[in-house]
Amino acid sequence: MTLFDRHFLHDPYPEYALLRDTKPVMQLGSLSGKIWFVTRYEHVREVLESDSYAEYDLPAIIEAKVDRTSGRDNGELGKRLSNWLFFMSPPKHAIMKRSLAPLYALRNLDLARNAVWSYARRIVCKSTLEGPCDTIRQLASPLPVVATSTLLGISINDREHIANLASQVLRVFEPLQRMSIYESVQGGLNGLDVALSSLSHAEESLRTLARRAEASASLANLPSDELRALVIMLFAAGQDTISASIGNAVFTLAASPEYFRCLRKHPDIIPNAARELIRFDPPVQIVARVANSDQDLGGAFIRVGERVCVALGSANRDERHVPDAGTLNLERSGLAHVSFGLARHYCLGAQLALTVLEAFLTALVECASSIQFAGPYRRRSSYVFRGFAELPIKFAP
């Protein structure tokens, strides 16, 4: 078995299954020290829920990197990312998360649902008449921008540009980065700052929400640059995750047409189907933590400071937790999975991601009688974000 080769990139799930049975907590070699790779649900959950494992301090690591040739550093990038929710430590993290929660109130989610449904319906119906659709570029990529801009009350015309910049920023989460990648991420952040011409309106939306929410004075009174960083984070963080969820769902439905026929016949199961599709093939496959102290995890001795990478995609298919985990069951309900994380770092935008996917699936079954591949597809070259770069699909009227 070879982890992280091209076969793993295409389909990691057989190797995940083998690891769960043979080496559920496996040590990997790394230039920067020991890394542990965790694949069973029980161990993944322990790492995500325990205070014994801290968030990977990516901003500090980025700030410390210096180009040996030019002497350039990434201090500015590290400082900007430190204002993102992902990298905040308690108690600031809890305060900010509580302050942002009103953004995802039911009324706002309904507005986002309607906007996404309308946009998706227009594109899918148009495609049934005009021919194959580039699902990623025309649907999966712009829909997160539609949803987030609706939540913030911003009107954005060039959604493709915003989506591309957001994806550029999210490359920061990929492992083994070069200085050129960090420069690209910085460029994406700068581009988003400029491109979101209504950013001041977005900032005011957040301040208004903060004043309405309990215990959120710190958000309402944040300096403009920190609030701006949070606005950019909202666009960037949801971009590749929601986009990949849509692409993965379309691929699954096109590869197994019986599931699409089931959704058309029983549209009432779409909410359950959205959750099951994200469990079955989650957009975020791997997240990293760092041991705060020496730990025993599944019989493996992990020393303080060592990195622990948990495989969310593997945990979701662990038969010890999910009955018949390798089978997609669109009517499955009430199942806890880890696609959105757990505990204090449970994804703030989880309900938005589900809302977008539900709205998209609703538009899809309303407009198309069948879906099929319209040409070769291409997966993203990423082990962290599982999705597609190209996915041509034909929607039949």
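Could you work out the helix-only [θ] at 222 nm for the chain, with each DSSP H run of four or more residues adding -39,500 (n - 2.57) and the total divided by the number of residues, to the nearest 500 deg cm²/dmol? Can you show the working numbers first?
On the way: 17 runs with 204 residues, N = 397.
Helices in the chain give a 222 nm mean residue ellipticity of -16000 deg cm²/dmol.
Here region 212-365 is treated as a sphere whose radius is the Kirkwood value from Cα pairs; by Stokes-Einstein at 4 °C and 1.567 mPa s it diffuses with a coefficient of 73 µm²/s. The phi torsions of region 351-356, fed into the Karplus equation with coefficients 6.51, -1.76 and 1.60 and a -60° offset, translate into couplings of 5, 5, 4, 5, 4, 5 Hz, rounded to whole numbers, with Gly and Pro shown as x.
Along the axis of the charge dipole computed for the chain (Cβ charges of +1 for Lys and Arg, -1 for Asp and Glu, origin at the Cα centre), the listed residues Ser50, Ala396, Gln372 are led at the positive end by Ala396. Once amide H atoms are placed 1.01 Å from N in the peptide plane, what residues at a sequence separation of 5 or more from Phe388, or on another chain, have their amide H within under 5 Å of its amide H? Those lying under 5 Å, H to H, from Phe388 are Arg380.
The Cβ shell under 13 Å around Asp51 holds other residues with a net charge of -1, Lys and Arg each +1, Asp and Glu each -1.
Could you sort the peptides 299-307, 75-83, 138-146 by per-residue average Cβ neighbour count (10 Å cutoff), highest mean leading?
On the way: 299-307: 14.7, 75-83: 18.8, 138-146: 25.1.
My ranking of the peptides, most packed first, is 138-146, 75-83, 299-307.
Treating the beta-carbon of each Lys and Arg as +1 and of each Asp and Glu as -1, no other charges, what is the dipole magnitude of region 6-396 about its Cα centre, to the nearest 20 debye?
Using Cβ point charges on Lys, Arg, Asp and Glu, region 6-396 gives about 340 debye.
Starting from the amide H of Ala374, placed 1.01 Å from N in the peptide plane, find each other amide H under 5 Å away whose residue is 5 or more places distant or on another chain. Sorted by chain and number, the residues that satisfy this are Ile393, Lys394. Computed 3J(HN,Hα) for region 247-264, one whole-Hz value per residue from the Karplus formula 6.51 cos²θ - 1.76 cosθ + 1.60 where θ = phi - 60°, is x, 5, 5, 4, 4, 4, 5, 6, 6, 10, x, 5, 6, 5, 4, 5, 5, 5, glycine and proline marked x. Our coupling estimate for region 100-113, obtained by passing each phi through the Karplus curve with A = 6.51, B = -1.76, C = 1.60 and θ = phi - 60°, is 7, 4, x, 4, 9, 4, 4, 4, 5, 5, 5, 5, 5, 4 Hz, Gly and Pro reported as x.
Of the peptides 386-394, 150-158, the order by per-residue mean of other Cβ atoms within 10 Å, starting with the highest, comes out as 386-394, 150-158. Close amide H contacts of Trp36 (hydrogens built in the peptide plane, cut-off under 5 Å, sequence separation of 5 or more or a different chain): Leu28, Arg307, Val308, Cys309.
Applying a 10 Å radius around every beta-carbon, put 278-290, 324-336, 178-190 in order of their mean neighbour count, most first.
In descending order of packing, they fall as 278-290, 178-190, 324-336.
Each value in this text was obtained by applying a stated rule to the coordinates, not by laboratory testing. As the structure is a prediction and not an experimental result, all values here were calculated from the model. When we count neighbours, we look across all protein chains shown, and the Cβ atoms used for this are built from the backbone with ideal geometry, even at glycine.
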